[in-house]
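The values are calculated or read from the model by the stated rules, or taken from the named source; none is laboratory data. Please read all numbers here as calculations on a predicted model, not as lab measurements. Glycine gets a Cβ as well: all are built from the backbone with ideal geometry, and neighbour counts include every protein chain shown. Only protein heavy atoms, including side chains, enter the accessible area calculation; ligands, DNA and RNA are left aside. Shrake-Rupley method; radii C 1.70, N 1.55, O 1.52, S 1.80 Å.
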Amino acid sequence: MKASFLLFCSWLITITAIAQNQNHGSSNQYTLQNTTNPVQYKNYYLLTLLQKDAAVNTLIQKDPVFSDLLKNKTTNINAALKNCAGDILCLTTTIKFSPEEIKIVSNRLQALFKPGNALALLISHDLIPSGCYNSYENLKPLEMLTKAWEQDANAINYVIDVYVNGQKPNYPAIDSISFDLKDKNYPELVNTNAKLSLTAKNTLYFEPSLQFALTALEINERNDAADYEPMATTVNKAALSSIKNTNFKAYPYTLILVPGEGPEEHDYRT
């Protein structure tokens, strides 16, 4: 009896440790789920997961609140295309996520989350181990989910503000919009992008805004995040392989040098 009890305790401790490992902290064994456009999953990973996880995708599609959000977004963008008359801000304000929409989604995700359901499994199996939202690693799983959504939504809004509305980015000298907002043809370009975002394939509430932002990055030639992919099996393959045989304790002052191009001033370039 004593031996059986000790065996049970050992099994329970092992299972608990495995569960904790699955639900806490990023994992270097995790592989990001990719998309046709690597810019998407590298910048909006939660939204990518919501698309690719079949159970979560179905949960969101069938939810009346999320269905209404998609329907209203589509209707409002179509109305803006007819009524904004070349007013870019009028159109993009409709395409961006409003603070109210962001809050509605956060509240609905919280309402749909149940321990062990599709959303809970997505968090423990993908969101946390991916490491994409490590800024929130000390939060509870549900709080991380809502923070990840808010981060992705605000990131889409930022792209639209900078690369469509022409607002100043963090580094204006090297990362501003590529178009002249005063060009008489520019509003038509923005309108075309908006029309393309309303594809019949949209089934999730965020897809029109996401597609609009991704196209804005593309036409501004800001797809650098997709360069050289898949890097793990090409340009970074040798480096990743060498990690397994590297004794990092022998290098107390490790330095990673990332060559690139800096501002236009020659003396400041890497």
Self-check item: Computed helical MRE - 222 nm, the chain, DSSP H runs ≥ 4 contributing -39500 (n - 2.57), nearest 500
Solution: -17000 deg cm²/dmol
Quiz item: Residues with beta-carbon under 14 Å from that of ASP63, excluding ASP63: net charge, scoring Lys, Arg +1 and Asp, Glu -1?
Solution: +3
Self-check item: Local electrostatic count at SER197 - Lys and Arg +1, Asp and Glu -1, tallied over other residues with Cβ under 14 Å
Solution: +2
Quiz item: Once the mean 1/r over all distinct Cα pairs of the range 31-98 is inverted, what Kirkwood radius in angstroms do you read off?
Solution: 14.0 Å
Quiz item: Counting only protein heavy atoms, what percent of the accessible surface of the range 124-269 is carbon or sulfur at a 1.4 Å probe?
Solution: 53 percent
Quiz item: Say we join alpha carbon atoms closer than 10 Å with springs in a Gaussian network model of the chain; which of LEU109, LEU119, LEU196 then has the biggest fluctuation?
Solution: LEU196
Exercise. Treat the chain as a sphere of radius equal to its Kirkwood radius over Cα pairs and apply Stokes-Einstein at 4 °C in a medium of 1.567 mPa s; give the translational diffusion coefficient in µm²/s, rounded to a whole number.
Key: 60 µm²/s
Quiz item: Quick one: if the Förster radius is 45 Å, what FRET efficiency do GLN167 and LYS244 give, using the C-beta to C-beta distance and rounding to 0.05?
Solution: 0.50
Quiz item: Hey, what did the chain get for relative contact order, percent, Cα under 8 Å, at least 6 apart?
Solution: 23 percent
Quiz item: Nearest 20 debye, what's the magnitude of the dipole of the chain about its Cα centre given +1 on Lys and Arg Cβ and -1 on Asp and Glu Cβ?
Solution: 1040 debye
Quiz item: How high is the FRET efficiency from LEU189 to ASN236, r the C-beta distance, R0 41 Å, rounded to 0.05?
Solution: 0.70
Self-check item: Rotationally averaged projected area of the range 139-270 (alpha carbon convex hull; nm²)
Solution: 13.2 nm²
Quiz item: Relative to the longest principal Cα axis of the chain, at what angle does helix 99-112 sit, 0 to 90 degrees, rounded to 10?
Solution: 30 degrees
Quiz item: How large is the accessible surface per residue of the range 117-270, computed with a 1.4 Å probe and reported in Å² as a whole number?
Solution: 63 Å²
Exercise. Specify which residue in the list ASN76, THR93, ALA118 is farthest towards the positive end of the charge dipole of the chain, using unit charges on the beta carbon of Lys, Arg (+1) and Asp, Glu (-1), about the Cα centre.
Key: ALA118
